[in-house]
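> Below you will find the structure I want to go over with you.
The values are calculated or read from the model by the stated rules, or taken from the named source; none is laboratory data. Source: prediction; values computed, not measured. Neighbour counts are summed over all protein chains in view; Cβ atoms, including those assigned to glycine, are modelled from backbone coordinates with ideal geometry. We work out accessible area using only protein heavy atoms, side chains counted, and drop any ligands, DNA or RNA first. Shrake-Rupley method; radii C 1.70, N 1.55, O 1.52, S 1.80 Å.
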Amino acid sequence: QDVRRDFSEDETLFLDWLAERGIPAIVVITKADKLKTMQRKKRVTALKSQLGERPVAVRVTSAQSRDGLPELWRLLREYF
C-alpha cells in the first residue's frame, strides 16, 4: 500500500475475506521515504484508521532507505 494513497474498496474487501477465513494478513505501507516525517505519521494514522478493527499487522517500509524492512522480514518469518 503506497503511503500516499487510500485503500481501495477491493483491498478492504480482500482483507475482510481473509479475516473471515482466519488467514493472517500483513499490510505493508510502502514508499515511506516519499513524505516528510510529520506527513508520513499523519498518513499512516489515516491508513490505520481506514483498516478499522480488521485483525491485520501493519508495517511501514521504504525500499530506498531500507526503513522497516528488518522488522517486516522478522514478522514474515514468524508467519511462515
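> Could you identify the single residue in Val56, Val28 that is of a type in the set (Val, Ile, Thr), surrounded by 12 or more Cβ atoms within 10 Å (Cβ to Cβ) and modelled with pLDDT under 95? Reasoning before the result, please.
On the way: Val28 fails: modelled with pLDDT under 95.
Step by step, each of Val56, Val28 is checked, and only Val56 is of a type in the set (Val, Ile, Thr), surrounded by 12 or more Cβ atoms within 10 Å (Cβ to Cβ) and modelled with pLDDT under 95.
> Separate question: Of the residues in the stretch 1-12, how many are surrounded by 11 or more Cβ atoms within 10 Å (Cβ to Cβ) and not aromatic (Phe, Trp, Tyr)?
Step one: of the stretch 1-12, the residues surrounded by 11 or more Cβ atoms within 10 Å (Cβ to Cβ) are 1-4, 6-7, 11-12.
Add one more test, that the residue is not aromatic (Phe, Trp, Tyr), and what stays is 1-4, 6, 11-12.
Of the residues in that region, 7 qualify.
> Okay, next question. Take the residues of the stretch 59-71 that are among the hydrophobic types (A, V, I, L, M, F, W, C) and either more than 25 Å from Asp16 (Cα to Cα) or at pLDDT below 95 (or both): which is surrounded by the most Cβ atoms within 10 Å (Cβ to Cβ)? Talk me through it step by step, then tell me what you get.
Step one: of the stretch 59-71, the residues among the hydrophobic types (A, V, I, L, M, F, W, C) are 60, 63, 69.
Filter again for either more than 25 Å from Asp16 (Cα to Cα) or at pLDDT below 95 (or both), leaving 63, 69.
Working: Ala63: 12, Leu69: 14.
Looking at residues that are among the hydrophobic types (A, V, I, L, M, F, W, C) and either more than 25 Å from Asp16 (Cα to Cα) or at pLDDT below 95 (or both), I get Leu69.
> Okay, moving on. Can you pull out the residues in the stretch 21-59 that are closer than 13 Å to Val3 by Cα, touching a Leu at 6+ places or on another chain (Cβ under 9 Å) and assigned to a strand (DSSP E or B)?
Scanning the stretch 21-59 gives Val27, Val28, Ile29, Val58, Arg59.
> Take the conditions at pLDDT 95 or above, open to solvent by 90 Å² or more (accessible area, probe 1.4 Å) and of a type in the set (Asp, Glu) and apply them to Glu78. Does it pass?
Details: at pLDDT 95 or above: no; open to solvent by 90 Å² or more (accessible area, probe 1.4 Å): yes; of a type in the set (Asp, Glu): yes.
No: the conditions fail for Glu78.
> Looking only at the stretch 18-25, decide whether some residue is over 13 Å from the mean Cα position of the chain (by Cα) and either of a type in the set (Val, Ile, Thr) or buried (at least 16 other Cβ atoms within 10 Å of the Cβ) (or both).
Among the residues of the stretch 18-25, at least one is over 13 Å from the mean Cα position of the chain (by Cα) and either of a type in the set (Val, Ile, Thr) or buried (at least 16 other Cβ atoms within 10 Å of the Cβ) (or both), which makes the answer yes.
> Which of the following residues is over 14 Å from the mean Cα position of the chain (by Cα) and in a loop (DSSP other than H, G, I, E, B): Arg5, Arg74, Arg66? So that I can check it myself, show each step before the final result.
Values: Arg5 fails: over 14 Å from the mean Cα position of the chain (by Cα); Arg74 fails: in a loop (DSSP other than H, G, I, E, B).
None of the others qualify; the one that does is Arg66.
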